[in-house]
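Since the structure comes first, as structure tokens, the remarks are kept for the end.
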């Protein structure tokens, strides 16, 4: 009798799991190596091993991920740390759970022939650089403008591609160091890159977010999601090929070689020297406090934010 009851309970649990609606995770861009650990968790069965059925929702330019989470349309999404701070000032009770990039991958790229050796050199027009393509309203651009000034530089809008860069040796542009520079090199250009983080602005990037009330009501699910993200990134850093093949099947605009190169370039941004694999994704109060001070100083935030409420340590 007891065995029959146990069998019924197990069967009902299995049916419930099969019929359960997948937990959605909204990305802020298309399937590319910046999400490699997430797709590794799906491809290798890590999500399922941790009791999760996950639906990864690709995004695109301007994907309103924190707004989607804030409105309750999805439980999880990928955003940036500065977006979390902005969201909280606008009444969205968003919290960061996991940070993919310990070092922000945002940078400036120039042609290798230029004699410029720092971002300061670039913005001062050294090495013949006369034009910079950048989204001026973004927080990191405001930081660079305040620290160095754009007075000697002609600013143009960032198109999202590299055509203008390839056509002009005196052209500089914003980039993710594992994206546009690789594309330019593949087309025969010599490229130098400079991380904005090295200039002093280094927000956590690729941050897994959720609503605070969801976190409180679904602790087991949230813990399993964070655990899966960490294990997925450990898997991807050790062997990116299976997840790259999955992402390539979903995103034919990036070739397999670029997937492999980008995965290699981003490794030290996800797991910097001195960090242990089991620490991947962790965040500190000091980093959040620094970011909020910078954003207040740049007048990106119009009210104060408690750093302790922005993330789960």
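Each reported figure results from applying straightforward, stated rules to the coordinates on display, with no laboratory input. Keep in mind that this is a model prediction, so the values were computed, not measured. Note: ideal-geometry Cβ built from the backbone for every residue, glycine included; neighbour counts use all protein chains shown.
Things to note:
- Most fluctuating residue given options 201, 39, 158, as computed from a GNM of the chain linking Cα atoms under 10 Å: 158
- Helical runs assigned H by DSSP (4 residues or longer) give the chain a calculated mean residue ellipticity at 222 nm of -12500 deg cm²/dmol, each run adding -39500 (n - 2.57) before division by the residue total.
- Net length available on complete extension from residue 117 to residue 55 is 18.0 nm, with 0.36 nm assigned per residue and the Cα-Cα distance removed.
- For the residues 231, 34, 264, a GNM of the chain with alpha-carbon springs under 10 Å puts the largest fluctuation on 264.
- For region 106-199, the antiparallel share of DSSP beta bridges with both residues in that region comes to about 60%.
- Spacing of the two label points (7 Å from each Cα toward its C-beta) at residue 264 and residue 131, in nm: 3.2
- Summarising the strand pairing of the chain, around 60 percent of its internal DSSP beta bridges are antiparallel.
- Per-residue Cβ neighbour counts within 10 Å put 198, 121, 286 in the sequence 286, 198, 121, beginning with the fewest.
- Kirkwood estimate for region 106-199, i.e. one over the average of 1/r between Cα atoms, Å: 12.9
- Using a Förster distance of 22 Å, the FRET efficiency for residue 169-residue 253 (Cβ separation, nearest 0.05): 0.25
- In a fully extended conformation the segment linking residue 289 and residue 48 would gain 83.2 nm over its present Cα-Cα distance, using 0.36 nm per residue.
- Contact order relative to length of the chain, as percent, for alpha carbon pairs under 8 angstrom and 6 or more apart: 29
- Site pair residue 278 and residue 303 shows an inter-label distance of 4.1 nm when each label is modelled 7 Å from Cα along Cα→Cβ.
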